[in-house]
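Asks: Let me give you the structure first, and then I'll get to my questions.
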Amino acid sequence: MYAPDTQIEFTYPESTQVESQTTFRKRRVQIREVRDLISQPLTPEEFLRRPLTHRSRYLLTAYDLDSAQWRQFYLGSSKEHATSGRLRIALYRPGAEKPTKIISRAFEPTRRDRIELARTLKQFRDQPHEGLELRVIPDLDSAQTNVHGPTNG
């Protein structure tokens, strides 16, 4: 996985909305942080803030060298590291880095499925989960991405 302070280049869409027709452009970024959505999954609130965003396993917080701005990039949205963008709802033990139980089907990166995911998530949010935390994660079957770069160890 890419390490902080690594400079990379990739081809990224202008819009990361699901089902959007978009153009791609080269991005040159200096990585500050890499969030693995399996070990640091999305909370329901994080997902619901932007349910139509095309998401993948790795979220980069990076300085865009060309626009001179801090940005976030889902690596699986790039041409070089493209993934399906399917998401699932899971339950995690507090502090765990892997899901205890997957409790939903895989939701596709379509407007219809993301709206359904949001509805399902709201329903699950109101139910007891025996001390487990409700989270949104990339589909484990499609979360693997061909990520090359310096490793963290």
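Asks: Can you name the condition, by its number, that residue 45 falls short on among (1) assigned to a loop (DSSP other than H, G, I, E, B); (2) within 21 Å of residue 124 (Cβ to Cβ)?
Replies: Unmet for residue 45, out of (1) assigned to a loop (DSSP other than H, G, I, E, B); (2) within 21 Å of residue 124 (Cβ to Cβ): (1).
Asks: Tell me, please, whether a residue that is open to solvent by 70 Å² or more (accessible area, probe 1.4 Å), at pLDDT below 95 and within 16 Å of residue 35 (Cα to Cα) can be found in the range 113-128.
Replies: Taking every residue of the range 113-128 in turn, none turns out to be open to solvent by 70 Å² or more (accessible area, probe 1.4 Å), at pLDDT below 95 and within 16 Å of residue 35 (Cα to Cα).
Asks: A follow-up question, please. For the range 40-70: of the residues being under 14 Å from residue 10 (Cα atoms) and among the charged types (D, E, K, R), which is most open to solvent (accessible area, probe 1.4 Å)?
Replies: 66
Asks: A follow-up question, please. Against the condition at pLDDT 95 or above and farther than 24 Å from residue 116 by Cα, how does residue 71 come out, does it pass?
Replies: Details: at pLDDT 95 or above: yes; farther than 24 Å from residue 116 by Cα: yes.
The answer is yes for residue 71.
Asks: Here is a further query. Among the residues of the range 14-39 satisfying the criterion of being of a type outside the set (A, V, I, L, M, F, W, C) and within 19 Å of residue 114 (Cα to Cα), which is surrounded by the fewest Cβ atoms within 10 Å (Cβ to Cβ)?
Replies: 21
Asks: Which of the numbered conditions does residue 137 fail, given that it passes all the others? Conditions: (1) under 24 Å from residue 1 (Cα atoms); (2) assigned to a loop (DSSP other than H, G, I, E, B); (3) open to solvent by less than 20 Å² (accessible area, probe 1.4 Å); (4) modelled with pLDDT of 95 or more.
Replies: (2)
Asks: Within the range 84-93, is there a residue that is part of a loop (DSSP other than H, G, I, E, B), open to solvent by 60 Å² or more (accessible area, probe 1.4 Å) and either more than 16 Å from residue 14 (Cα to Cα) or without any contact (Cβ under 8 Å) to a residue 60 or more places away in the chain (or both)? Steps first, please.
Replies: Going residue by residue through the range 84-93, those that are part of a loop (DSSP other than H, G, I, E, B) are 84-86, 93.
Filter once more, keeping what is open to solvent by 60 Å² or more (accessible area, probe 1.4 Å): 86, 93.
Applying the additional criterion that residues be either more than 16 Å from residue 14 (Cα to Cα) or without any contact (Cβ under 8 Å) to a residue 60 or more places away in the chain (or both) yields 86, 93.
Scanning the range 84-93 turns up at least one residue that is part of a loop (DSSP other than H, G, I, E, B), open to solvent by 60 Å² or more (accessible area, probe 1.4 Å) and either more than 16 Å from residue 14 (Cα to Cα) or without any contact (Cβ under 8 Å) to a residue 60 or more places away in the chain (or both).
Asks: Restricting to the range 93-114, give me the number of residues that are farther than 15 Å from residue 141 by Cα and touching a Ser or Thr at 6+ places or on another chain (Cβ under 9 Å).
Replies: Restricting attention to the range 93-114, the residues satisfying the condition of being farther than 15 Å from residue 141 by Cα are 93-97, 100, 110-114.
Imposing the further condition that a residue be touching a Ser or Thr at 6+ places or on another chain (Cβ under 9 Å) reduces the set to 93, 96-97, 114.
Number of matching residues: 4.
Asks: Quick test of your reading of the structure: residue 1 fulfils all but one of (1) within 27 Å of residue 113 (Cα to Cα); (2) in contact with a strand residue (DSSP E or B) (Cβ under 8 Å, 6 or more places away or on another chain). Name the failing condition by number.
Replies: For residue 1, the failing item is (1).
Asks: Considering only the range 4-13, state which residues are open to solvent by less than 80 Å² (accessible area, probe 1.4 Å) and either touching a residue at least 60 places away in the same chain (Cβ under 8 Å) or assigned to a strand (DSSP E or B) (or both).
Replies: Step one: of the range 4-13, the residues open to solvent by less than 80 Å² (accessible area, probe 1.4 Å) are 4, 6, 8, 10-13.
If the condition is that a residue be open to solvent by less than 80 Å² (accessible area, probe 1.4 Å) and either touching a residue at least 60 places away in the same chain (Cβ under 8 Å) or assigned to a strand (DSSP E or B) (or both), then 6, 8, 10, 11, 12, 13 are the ones that fit.
Asks: Against the definition (acidic (Asp, Glu), under 29 Å from residue 8 (Cβ atoms), part of a loop (DSSP other than H, G, I, E, B) and free of Cβ contacts under 8 Å to residues at least 60 places away in the same chain), how does residue 97 come out, yes or no? Lay out the reasoning, then the answer.
Replies: Values: acidic (Asp, Glu): yes; under 29 Å from residue 8 (Cβ atoms): yes; part of a loop (DSSP other than H, G, I, E, B): yes; free of Cβ contacts under 8 Å to residues at least 60 places away in the same chain: yes.
Criteria met by residue 97.
The values are calculated or read from the model by the stated rules, or taken from the named source; none is laboratory data. In this text, all values refer to a predicted model and were calculated from it rather than measured experimentally. Cβ: placed from backbone, ideal geometry, glycine included. Neighbour counts: every protein chain shown. Ligands, DNA and RNA are stripped out before the accessible areas are found, and what is left, the full protein with its side chains, is counted by its heavy atoms. Shrake-Rupley method; radii C 1.70, N 1.55, O 1.52, S 1.80 Å.
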